[in-house]
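A.B. asks: Here you go, one structure.
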Amino acid sequence: MLEEECRSTIPPREKIEALSKIYFEKVHPILPVIDQETYSSLSPADPGYVLLQQGICLAASKNFIARPHLIISPSSPSMSCRAFGERLSSSMRISIELGLVSNKIIIIQALALMSQFSDNPVGEDISSQLCGRAVQHVQSLGLHLKGQHEEHRDRLNTTLLCCIWAIDRMNAAFNGRPVLMHERDLRKDLDLCFEQQDPCFRIFLKVSHKFSESYSVFCVSSRSVTMLQSSKAIIGKKALYLHSRFLSLSDLRISTFSGDISPYGC
(Lines give C-alpha, C1' and ligand atoms only; values in the text may rest on other atoms or scores of the structure.)
Protein backbone atom coordinates (compact mmCIF):
# COMPACT_ATOMS: atom_id res chain seq x y z
CA MET A 1 0.00 0.00 0.00
CA LEU A 2 2.84 2.40 0.91
CA GLU A 3 4.65 1.41 -2.28
CA GLU A 4 1.61 2.24 -4.39
CA GLU A 5 1.23 5.57 -2.60
CA CYS A 6 4.84 6.48 -3.43
CA ARG A 7 4.47 5.49 -7.08
CA SER A 8 1.20 7.40 -7.48
CA THR A 9 2.54 10.65 -6.01
CA ILE A 10 3.26 12.19 -9.39
CA PRO A 11 1.62 14.95 -11.45
CA PRO A 12 -0.76 14.08 -14.32
CA ARG A 13 0.89 13.11 -17.61
CA GLU A 14 0.48 16.51 -19.30
CA LYS A 15 2.00 18.24 -16.25
CA ILE A 16 4.92 15.79 -16.23
CA GLU A 17 5.58 16.62 -19.88
CA ALA A 18 5.51 20.37 -19.15
CA LEU A 19 7.78 20.06 -16.12
CA SER A 20 10.15 17.72 -18.00
CA LYS A 21 10.45 20.32 -20.75
CA ILE A 22 11.33 22.97 -18.19
CA TYR A 23 13.87 20.66 -16.54
CA PHE A 24 15.72 19.66 -19.71
CA GLU A 25 15.72 23.23 -21.06
CA LYS A 26 16.52 25.16 -17.88
CA VAL A 27 18.16 22.89 -15.31
CA HIS A 28 19.78 20.06 -17.22
CA PRO A 29 22.27 22.17 -19.24
CA ILE A 30 23.68 23.59 -16.00
CA LEU A 31 23.60 20.45 -13.85
CA PRO A 32 23.14 17.35 -16.07
CA VAL A 33 22.39 14.86 -13.30
CA ILE A 34 20.22 12.68 -15.57
CA ASP A 35 21.34 11.37 -18.95
CA GLN A 36 18.33 12.04 -21.15
CA GLU A 37 18.95 9.10 -23.52
CA THR A 38 19.30 6.58 -20.69
CA TYR A 39 16.26 8.01 -18.93
CA SER A 40 14.12 7.76 -22.07
CA SER A 41 15.10 4.11 -22.53
CA LEU A 42 13.69 3.05 -19.14
CA SER A 43 10.36 1.27 -18.97
CA PRO A 44 7.49 3.37 -17.55
CA ALA A 45 6.78 0.46 -15.21
CA ASP A 46 10.30 0.62 -13.78
CA PRO A 47 10.28 2.08 -10.22
CA GLY A 48 13.52 3.83 -11.12
CA TYR A 49 11.80 5.61 -13.99
CA VAL A 50 9.04 6.83 -11.65
CA LEU A 51 11.64 8.00 -9.12
CA LEU A 52 13.47 10.00 -11.78
CA GLN A 53 10.19 11.46 -13.05
CA GLN A 54 9.48 12.68 -9.54
CA GLY A 55 13.00 14.12 -9.30
CA ILE A 56 12.64 15.93 -12.61
CA CYS A 57 9.32 17.46 -11.52
CA LEU A 58 10.87 18.43 -8.18
CA ALA A 59 13.84 20.17 -9.82
CA ALA A 60 11.66 21.95 -12.39
CA SER A 61 9.24 23.19 -9.71
CA LYS A 62 11.81 25.75 -8.54
CA ASN A 63 11.48 27.67 -11.82
CA PHE A 64 8.83 30.40 -11.73
CA ILE A 65 7.33 29.32 -15.09
CA ALA A 66 6.47 25.93 -13.52
CA ARG A 67 3.82 27.37 -11.19
CA PRO A 68 0.76 26.43 -13.31
CA HIS A 69 1.99 22.82 -13.44
CA LEU A 70 2.49 22.18 -9.71
CA ILE A 71 -0.38 19.71 -9.38
CA ILE A 72 -0.37 16.19 -7.93
CA SER A 73 -4.02 15.24 -8.28
CA PRO A 74 -5.89 16.16 -11.49
CA SER A 75 -8.88 17.35 -9.46
CA SER A 76 -6.87 19.60 -7.12
CA PRO A 77 -5.76 23.20 -7.70
CA SER A 78 -2.13 24.10 -8.27
CA MET A 79 0.06 23.90 -5.18
CA SER A 80 2.74 26.18 -3.80
CA CYS A 81 6.31 25.30 -4.69
CA ARG A 82 7.03 24.29 -1.09
CA ALA A 83 3.97 22.06 -0.71
CA PHE A 84 4.53 20.45 -4.10
CA GLY A 85 8.20 19.85 -3.40
CA GLU A 86 7.68 18.47 0.09
CA ARG A 87 5.06 16.03 -1.19
CA LEU A 88 7.30 14.75 -3.98
CA SER A 89 10.52 14.62 -1.97
CA SER A 90 8.81 12.73 0.86
CA SER A 91 7.60 10.06 -1.56
CA MET A 92 11.05 9.86 -3.15
CA ARG A 93 12.78 9.38 0.21
CA ILE A 94 10.31 6.68 1.23
CA SER A 95 10.81 4.87 -2.10
CA ILE A 96 14.56 4.83 -1.54
CA GLU A 97 14.28 3.73 2.10
CA LEU A 98 11.90 0.91 1.17
CA GLY A 99 14.39 -0.34 -1.41
CA LEU A 100 11.92 -0.02 -4.27
CA VAL A 101 14.81 1.06 -6.52
CA SER A 102 17.97 -1.05 -6.58
CA ASN A 103 19.92 0.76 -9.31
CA LYS A 104 22.47 2.85 -7.40
CA ILE A 105 23.08 5.23 -10.31
CA ILE A 106 19.38 6.14 -10.27
CA ILE A 107 19.50 6.49 -6.48
CA ILE A 108 22.47 8.88 -6.77
CA GLN A 109 20.60 10.92 -9.38
CA ALA A 110 17.49 11.08 -7.20
CA LEU A 111 19.49 12.07 -4.11
CA ALA A 112 21.27 14.78 -6.09
CA LEU A 113 17.99 16.28 -7.32
CA MET A 114 16.39 16.10 -3.87
CA SER A 115 19.40 17.75 -2.24
CA GLN A 116 18.77 20.90 -4.30
CA PHE A 117 15.26 21.39 -2.90
CA SER A 118 15.50 23.45 0.30
CA ASP A 119 12.96 26.03 1.46
CA ASN A 120 13.69 26.35 5.20
CA PRO A 121 16.42 25.67 7.82
CA VAL A 122 15.19 22.12 8.36
CA GLY A 123 15.38 21.57 4.62
CA GLU A 124 19.01 22.70 4.64
CA ASP A 125 19.89 19.95 7.13
CA ILE A 126 18.05 17.35 5.04
CA SER A 127 19.78 18.68 1.93
CA SER A 128 23.19 18.10 3.56
CA GLN A 129 22.20 14.56 4.55
CA LEU A 130 21.07 13.77 1.00
CA CYS A 131 24.30 15.19 -0.40
CA GLY A 132 26.30 12.99 1.97
CA ARG A 133 24.40 9.88 0.92
CA ALA A 134 24.96 10.68 -2.75
CA VAL A 135 28.71 11.02 -2.12
CA GLN A 136 28.72 7.71 -0.23
CA HIS A 137 27.07 5.89 -3.14
CA VAL A 138 29.46 7.49 -5.65
CA GLN A 139 32.42 6.21 -3.67
CA SER A 140 30.94 2.76 -3.07
CA LEU A 141 30.42 2.35 -6.84
CA GLY A 142 33.92 3.60 -7.55
CA LEU A 143 32.82 6.39 -9.88
CA HIS A 144 35.82 8.39 -8.66
CA LEU A 145 38.23 5.74 -9.92
CA LYS A 146 39.71 5.66 -13.41
CA GLY A 147 38.96 2.96 -15.99
CA GLN A 148 36.35 1.05 -13.98
CA HIS A 149 33.79 0.89 -16.83
CA GLU A 150 33.62 0.83 -20.62
CA GLU A 151 34.16 4.15 -22.40
CA HIS A 152 30.51 5.18 -22.98
CA ARG A 153 29.39 4.29 -19.48
CA ASP A 154 32.49 5.85 -17.98
CA ARG A 155 31.71 9.12 -19.76
CA LEU A 156 28.21 9.20 -18.25
CA ASN A 157 29.57 8.27 -14.84
CA THR A 158 32.21 11.01 -15.08
CA THR A 159 29.47 13.57 -15.71
CA LEU A 160 27.53 12.26 -12.71
CA LEU A 161 30.73 12.38 -10.63
CA CYS A 162 31.20 16.04 -11.60
CA CYS A 163 27.59 16.79 -10.63
CA ILE A 164 28.01 15.28 -7.16
CA TRP A 165 31.37 17.01 -6.77
CA ALA A 166 29.71 20.38 -7.54
CA ILE A 167 26.77 19.67 -5.21
CA ASP A 168 29.21 18.76 -2.43
CA ARG A 169 30.99 22.11 -2.91
CA MET A 170 27.70 24.00 -2.94
CA ASN A 171 26.59 22.20 0.21
CA ALA A 172 29.79 23.33 1.95
CA ALA A 173 29.31 26.93 0.79
CA PHE A 174 25.56 27.20 1.45
CA ASN A 175 25.20 25.14 4.62
CA GLY A 176 28.63 25.44 6.28
CA ARG A 177 29.37 21.72 6.03
CA PRO A 178 32.78 20.11 5.45
CA VAL A 179 33.67 19.05 1.92
CA LEU A 180 33.26 15.27 1.54
CA MET A 181 34.93 14.72 -1.84
CA HIS A 182 38.61 15.64 -1.83
CA GLU A 183 40.87 15.75 -4.87
CA ARG A 184 43.42 13.55 -3.09
CA ASP A 185 40.88 10.69 -3.06
CA LEU A 186 40.05 10.91 -6.78
CA ARG A 187 41.80 8.66 -9.28
CA LYS A 188 40.59 10.79 -12.16
CA ASP A 189 42.09 14.05 -13.41
CA LEU A 190 39.46 16.55 -12.24
CA ASP A 191 40.50 19.24 -14.74
CA LEU A 192 40.24 16.72 -17.58
CA CYS A 193 36.82 15.63 -16.31
CA PHE A 194 35.73 19.28 -16.39
CA GLU A 195 36.98 19.80 -19.93
CA GLN A 196 34.95 16.83 -21.17
CA GLN A 197 31.66 18.47 -20.13
CA ASP A 198 29.35 20.70 -22.16
CA PRO A 199 29.99 24.48 -21.97
CA CYS A 200 27.14 25.44 -19.61
CA PHE A 201 28.01 22.72 -17.12
CA ARG A 202 31.73 23.46 -17.44
CA ILE A 203 31.14 27.07 -16.37
CA PHE A 204 29.06 25.93 -13.42
CA LEU A 205 31.86 23.58 -12.35
CA LYS A 206 34.33 26.45 -12.46
CA VAL A 207 32.00 28.58 -10.32
CA SER A 208 31.60 25.70 -7.83
CA HIS A 209 35.37 25.40 -7.66
CA LYS A 210 35.58 29.10 -6.75
CA PHE A 211 33.07 28.50 -3.95
CA SER A 212 35.39 25.81 -2.60
CA GLU A 213 38.49 28.00 -2.79
CA SER A 214 36.81 30.97 -1.11
CA TYR A 215 35.27 28.89 1.64
CA SER A 216 38.61 27.20 2.39
CA VAL A 217 40.33 30.58 2.76
CA PHE A 218 37.65 31.85 5.13
CA CYS A 219 37.74 28.67 7.23
CA VAL A 220 41.52 28.63 7.54
CA SER A 221 41.78 32.31 8.42
CA SER A 222 38.87 32.32 10.89
CA ARG A 223 39.98 32.45 14.51
CA SER A 224 36.60 32.53 16.17
CA VAL A 225 33.09 31.19 15.71
CA THR A 226 31.85 34.73 15.08
CA MET A 227 34.32 35.28 12.26
CA LEU A 228 33.45 31.91 10.73
CA GLN A 229 29.73 32.65 10.84
CA SER A 230 30.36 36.04 9.27
CA SER A 231 32.38 34.52 6.43
CA LYS A 232 29.73 31.88 5.85
CA ALA A 233 27.08 34.59 5.65
CA ILE A 234 29.08 36.51 3.03
CA ILE A 235 29.67 33.41 0.92
CA GLY A 236 26.12 32.24 1.47
CA LYS A 237 24.63 35.45 0.04
CA LYS A 238 26.83 35.29 -3.04
CA ALA A 239 26.28 31.56 -3.41
CA LEU A 240 22.52 31.92 -3.04
CA TYR A 241 22.43 34.50 -5.82
CA LEU A 242 24.50 32.32 -8.15
CA HIS A 243 22.52 29.22 -7.17
CA SER A 244 19.20 30.83 -8.12
CA ARG A 245 20.78 32.39 -11.18
CA PHE A 246 22.25 29.16 -12.49
CA LEU A 247 19.64 26.61 -11.37
CA SER A 248 16.22 28.16 -10.80
CA LEU A 249 16.12 31.21 -13.04
CA SER A 250 19.01 30.35 -15.31
CA ASP A 251 18.84 31.51 -18.92
CA LEU A 252 22.44 31.22 -19.99
CA ARG A 253 23.67 31.20 -23.57
CA ILE A 254 27.19 30.10 -24.44
CA SER A 255 28.72 31.10 -27.77
CA THR A 256 31.31 28.46 -28.54
CA PHE A 257 32.71 30.61 -31.32
CA SER A 258 33.28 33.94 -29.60
CA GLY A 259 33.34 32.80 -25.97
CA ASP A 260 30.66 35.34 -25.03
CA ILE A 261 28.04 34.68 -22.37
CA SER A 262 24.54 36.09 -22.82
CA PRO A 263 21.68 35.84 -20.27
CA TYR A 264 18.96 34.99 -22.77
CA GLY A 265 18.69 31.22 -22.74
CA CYS A 266 20.94 28.21 -23.00
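A.B. asks: Go through the range 27-53 and report how many residues are under 15 Å from the mean Cα position of the chain (by Cα) and more than 22 Å from PHE194 (Cβ to Cβ). Break it down stepwise before answering.
C.D. replies: Of all residues in the range 27-53, those under 15 Å from the mean Cα position of the chain (by Cα) come to 27-36, 51-53.
Okay, now just the ones that are also more than 22 Å from PHE194 (Cβ to Cβ), so 51-53.
Of the residues in the range 27-53, 3 are under 15 Å from the mean Cα position of the chain (by Cα) and more than 22 Å from PHE194 (Cβ to Cβ).
A.B. asks: Going through PHE174, PHE218 one at a time, which residue ends up being touching a His at 6+ places or on another chain (Cβ under 8 Å), at pLDDT below 85 and either over 25 Å from ILE106 (Cα atoms) or not in a loop (DSSP other than H, G, I, E, B) (or both)?
C.D. replies: Values: PHE218 fails: touching a His at 6+ places or on another chain (Cβ under 8 Å).
Result of the check over PHE174, PHE218: PHE174.
A.B. asks: Shifting gears a bit: Might you let me know whether the range 192-202 holds any residue that is aliphatic (A, V, I, L, M), modelled with pLDDT of 75 or more, over 24 Å from GLN129 (Cα atoms) and surrounded by fewer than 17 Cβ atoms within 10 Å (Cβ to Cβ)? Walk me through it before giving the result.
C.D. replies: As a first pass, look at the range 192-202 and keep what is aliphatic (A, V, I, L, M): 192.
Retained after the next criterion (residues that are modelled with pLDDT of 75 or more): 192.
Now drop any that are not over 24 Å from GLN129 (Cα atoms), which leaves 192.
Restricting the remaining residues to those that are surrounded by fewer than 17 Cβ atoms within 10 Å (Cβ to Cβ) gives 192.
The answer is yes; a qualifying residue exists.
A.B. asks: Restricted to the range 1-15, and to residues that are assigned to a helix (DSSP H, G or I) and hydrophobic (A, V, I, L, M, F, W, C), which residue is nearest to SER61 (Cα to Cα)? Before the answer, list the steps.
C.D. replies: We begin by selecting, within the range 1-15, every residue assigned to a helix (DSSP H, G or I); these are 2-8, 13-15.
Imposing the further condition that a residue be hydrophobic (A, V, I, L, M, F, W, C) reduces the set to 2, 6.
On the way: LEU2: 24, CYS6: 18 Å.
Ranking the qualifying residues of the range 1-15, first place goes to CYS6.
A.B. asks: Being at pLDDT 95 or above, within 26 Å of CYS163 (Cβ to Cβ), in a helix (DSSP H, G or I) and of a type outside the set (D, E, K, R) is the requirement here; does ALA18 meet it?
C.D. replies: Numbers: at pLDDT 95 or above: yes; within 26 Å of CYS163 (Cβ to Cβ): yes; in a helix (DSSP H, G or I): yes; of a type outside the set (D, E, K, R): yes.
Yes, satisfied.
A.B. asks: Right, something else. Conditions first: (1) more than 13 Å from the chain's Cα centre (by Cα); (2) part of a helix (DSSP H, G or I); (3) modelled with pLDDT of 90 or more; (4) not aromatic (Phe, Trp, Tyr). GLY132 passes all but one, so which condition is the exception?
C.D. replies: In the conditions (1) more than 13 Å from the chain's Cα centre (by Cα); (2) part of a helix (DSSP H, G or I); (3) modelled with pLDDT of 90 or more; (4) not aromatic (Phe, Trp, Tyr), GLY132 misses (1) alone.
A.B. asks: On to the next question. Filter the range 48-89 for residues that are within 15 Å of SER8 (Cβ to Cβ) and surrounded by fewer than 13 Cβ atoms within 10 Å (Cβ to Cβ) and give the result.
C.D. replies: The answer is SER73, PRO74, SER75, SER76.
A.B. asks: Would you mind finding the one in ILE65, ILE72 that is touching a Phe, Trp or Tyr at 6+ places or on another chain (Cβ under 8 Å), aliphatic (A, V, I, L, M) and farther than 24 Å from VAL135 by Cβ?
C.D. replies: ILE72
The values are calculated or read from the model by the stated rules, or taken from the named source; none is laboratory data. Worth saying up front: this structure is predicted, and the values here are computed from it rather than measured. No Cβ is skipped: glycine too gets one built from the backbone with ideal geometry, and neighbour counts run over all protein chains shown.
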